[in-house]
Amino acid sequence: MPDSPTDRHQPEADPHAARLPLSGLVVLDLTLARAGPTCVRHLADWGADVIRIEPPAGAGEDVAGRRNGFDFQNLHRNKRAIQLNLKSPEGLAVFMRLAAKADIIVENMRAEVKHRLKVSYDDVRAINPRIVYASISGFGQTGPYGKRAGVDQIAQGMGGLMSITGEAGRGPMRVGIPIDDLTAGNLLALGTMMAIFDRERTGVGRWVQTSLLEAQIFMLDFQAARWLMEGEVAGQAGNDHPTSIPTGVFPASDGDINIAASSSRVWERFCDAIGKSDWKSREDWKTQQGRSKDRKAINAAIAEITRTKPAAHWIELLEEAGVPCGPINRIDQVFADPQVKHLKMAIPMASPTIGTKDVVASALTITGFEKKIRRPTADAGQHTAEILGQYGYSADEIAALRAKGVV
């Protein structure tokens, strides 16, 4: 069996990542914006030694002063940072020295950019055939749209999501988070781990690819299958579930709540709980298909009842009856929720630059391992000398690279 990452000679491992699932893996992070960093955040949070490579001072993301803002800080924790001019021959040579010993490279450049910089999969594979090279693009690495730049909202529109989001007749509506960026990043992290698993058996690295468009189409899920298998083009259904009724938002006397009572058994329990057992005997409401056809009348009838009592009353009553329901929280209420606190989804990060702030924790729990922030988000180039020293550069060589503006 080929050597594992921890068996091969590597620069000194990240001591902060001891005993985490991905400790021993070295990741070079060439990502920008959100989709790529979302992938890398998974790897960094679970122990990989992530080296974020950014342009030297005067270029890149920090120009706009965003580095100390909530978004950048939340995306780039648990990494080390190096500044490197990949456009210079010396900078490319430094990158290739790092790449020769890396396990994973993650990037989300446009296809022609990585080839122009000579840091593409083929370039790196020539010196490190074990590399797992992970790429996110807007629309795919090849094809009619392969050269286009892509952003989340464009992919939401092109991938069908905006046509099924929002209320009927109100026009297309984007989702309130960059769901395509996030999904593409999540999928790329999954694919990267698959390729690492395969490499440990074969000794051969892979090029793992996804795109915002592919991620969006994947996330259409049953709505896509409706078209592919049944020829049904989904439309906007607002807060109602597209096919399972009643599932949606209903008024309470002090706000709104979500109720999901679409299956036959849950529908019957729901009718009994709210004192409308007679609804169970209505022939037109006995099946999901029938309830879906008469959704407006059902929703109106339910609303007449739910608006008479506060949300807490209905949530307690329906939970007791085994009917899924819940409040509709603002984001501040989300993090005040006792279950969210129990899950520790807000996690402290102690930074010498911005102080101790909470960031969003990993959504994964793995027995035997603790979720925590090992490293705060790094200042620009904070670890340049440290990393170059680990890869064999002397102090004089590092000084010379600085003098030339390479690092």
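From 174, 148, 199, which residue is of a type in the set (D, E, K, R) and closer than 29 Å to residue 127 by Cβ?
Working: 174 fails: closer than 29 Å to residue 127 by Cβ; 148 fails: closer than 29 Å to residue 127 by Cβ.
From the options 174, 148, 199, the qualifying one is 199.
Quick one: would you say residue 124 is part of a helix (DSSP H, G or I) and surrounded by 18 or more Cβ atoms within 10 Å (Cβ to Cβ)? Can you show your working first?
Values: part of a helix (DSSP H, G or I): yes; surrounded by 18 or more Cβ atoms within 10 Å (Cβ to Cβ): yes.
So residue 124 fits the description; yes.
Hey, among the residues in segment 258-288 that are among the basic types (Lys, Arg) and in a loop (DSSP other than H, G, I, E, B), which one's modelled with the lowest pLDDT?
First, pick out the residues of segment 258-288 that are among the basic types (Lys, Arg): 265, 269, 276, 280, 282, 286.
Narrowing the set further to residues that are in a loop (DSSP other than H, G, I, E, B) leaves 276, 282, 286.
Working: 276: 97, 282: 95, 286: 92.
Residue satisfying both the conditions and the ranking: 286.
Do we have residue 36 as at pLDDT 95 or above, in contact with a strand residue (DSSP E or B) (Cβ under 6 Å, 6 or more places away or on another chain) and either hydroxyl-bearing (Ser, Thr, Tyr) or within 27 Å of residue 140 (Cα to Cα) (or both) here? Before you say what the answer is, go through the steps one by one.
On the way: at pLDDT 95 or above: yes; in contact with a strand residue (DSSP E or B) (Cβ under 6 Å, 6 or more places away or on another chain): yes; either hydroxyl-bearing (Ser, Thr, Tyr) or within 27 Å of residue 140 (Cα to Cα) (or both): yes.
Answer is yes for this residue.
Look through segment 397-407, keep the residues that are assigned to a helix (DSSP H, G or I) and aliphatic (A, V, I, L, M), and return whichever of them is farthest from residue 102 (Cα to Cα). Explain how you work it out, then say what you get.
Just the residues of segment 397-407 that are assigned to a helix (DSSP H, G or I), to begin with: 397-403.
Imposing the further condition that a residue be aliphatic (A, V, I, L, M) reduces the set to 398-401, 403.
Values: 398: 20, 399: 24, 400: 24, 401: 21, 403: 26 Å.
Looking at the filtered set, the residue picked out is 403.
For segment 302-320, state whether one or more residues are of a type in the set (S, T, N, Q) and closer than 26 Å to residue 176 by Cα. Show your work before the answer.
Start the filter on segment 302-320 by keeping residues that are of a type in the set (S, T, N, Q), which leaves 306, 308.
Pick out the ones that are also closer than 26 Å to residue 176 by Cα and you get none.
So far as segment 302-320 goes, no, none of its residues is of a type in the set (S, T, N, Q) and closer than 26 Å to residue 176 by Cα.
Quick check on segment 128-154: of everything there that is among the aliphatic types (A, V, I, L, M) and outside any loop (DSSP other than H, G, I, E, B), which residue is surrounded by the fewest Cβ atoms within 10 Å (Cβ to Cβ)?
Filtering segment 128-154 down to residues among the aliphatic types (A, V, I, L, M) leaves 131-132, 134, 136, 149, 151, 154.
When the remaining residues are screened for being outside any loop (DSSP other than H, G, I, E, B), the result is 132, 134, 136, 154.
Details: 132: 27, 134: 29, 136: 30, 154: 17.
Residue satisfying both the conditions and the ranking: 154.
Looking at (1) under 27 Å from residue 44 (Cβ atoms); (2) out of contact with any strand residue (DSSP E or B) (no Cβ under 6 Å at 6 or more places or on another chain); (3) not hydrophobic (A, V, I, L, M, F, W, C), can you tell me which one residue 140 breaks?
(2)
Could you pull out the residue among 353, 367 that is more than 25 Å from residue 73 (Cα to Cα), surrounded by fewer than 14 Cβ atoms within 10 Å (Cβ to Cβ) and outside the structural domain of residue 263 (by TED's automatic domain parsing)? Full working, then the answer.
Values: 353 fails: more than 25 Å from residue 73 (Cα to Cα).
Just a single option satisfies the conditions, and that option is 367.
Starting from residues that are assigned to a loop (DSSP other than H, G, I, E, B) and small (Gly, Ala, Ser), keep the ones in segment 75-110 and report whichever is farthest from the chain's Cα centre (by Cα).
Step one: list which residues in segment 75-110 are assigned to a loop (DSSP other than H, G, I, E, B), which gives 76-78, 84-88, 102-103, 108-110.
From what's left, small (Gly, Ala, Ser): 88, 102.
Details: 88: 32, 102: 23 Å.
For segment 75-110, the residue satisfying everything is 88.
Is it true that residue 214 is among the acidic types (Asp, Glu) and more than 24 Å from the chain's Cα centre (by Cα)?
Working: among the acidic types (Asp, Glu): yes; more than 24 Å from the chain's Cα centre (by Cα): no.
No; evaluated as a whole, the condition is false for this residue.
Within the bounds of segment 83-92, is there any residue that is among the polar types (S, T, N, Q) and within 27 Å of residue 140 (Cβ to Cβ)? Walk me through it before giving the result.
Keep residues of segment 83-92 that are among the polar types (S, T, N, Q), which gives 83, 85, 88.
Narrowing further to those that are within 27 Å of residue 140 (Cβ to Cβ): none.
Checking segment 83-92: not a single residue is among the polar types (S, T, N, Q) and within 27 Å of residue 140 (Cβ to Cβ).
Filter segment 59-104 down to the residues that are at pLDDT below 95 and on the phi > 0 side of the Ramachandran plot and list them by number.
Listed by number, the residues that qualify are 60, 65.
Got a sec? Which helices (runs of 4 or more DSSP H) wholly within segment 289-396 have at least 2 residues that are of a type outside the set (Lys, Arg) and in contact with a strand residue (DSSP E or B) (Cβ under 8 Å, 6 or more places away or on another chain)?
By residue number, 295-306, 311-321, 331-336, 384-390.
Take segment 327-339 and flag every residue that is touching a helix residue (DSSP H, G or I) at 6+ places or on another chain (Cβ under 8 Å) and exposed (fewer than 15 other Cβ atoms within 10 Å of the Cβ).
We begin by selecting, within segment 327-339, every residue touching a helix residue (DSSP H, G or I) at 6+ places or on another chain (Cβ under 8 Å); these are 327, 334-335.
Matches in segment 327-339: 334, 335.
The values are calculated or read from the model by the stated rules, or taken from the named source; none is laboratory data. Computed from a predicted model, the values in this text were never measured in an experiment. As a convention, Cβ positions derive from the backbone with ideal geometry for all residues, glycine included, and neighbour counts pool all protein chains shown.
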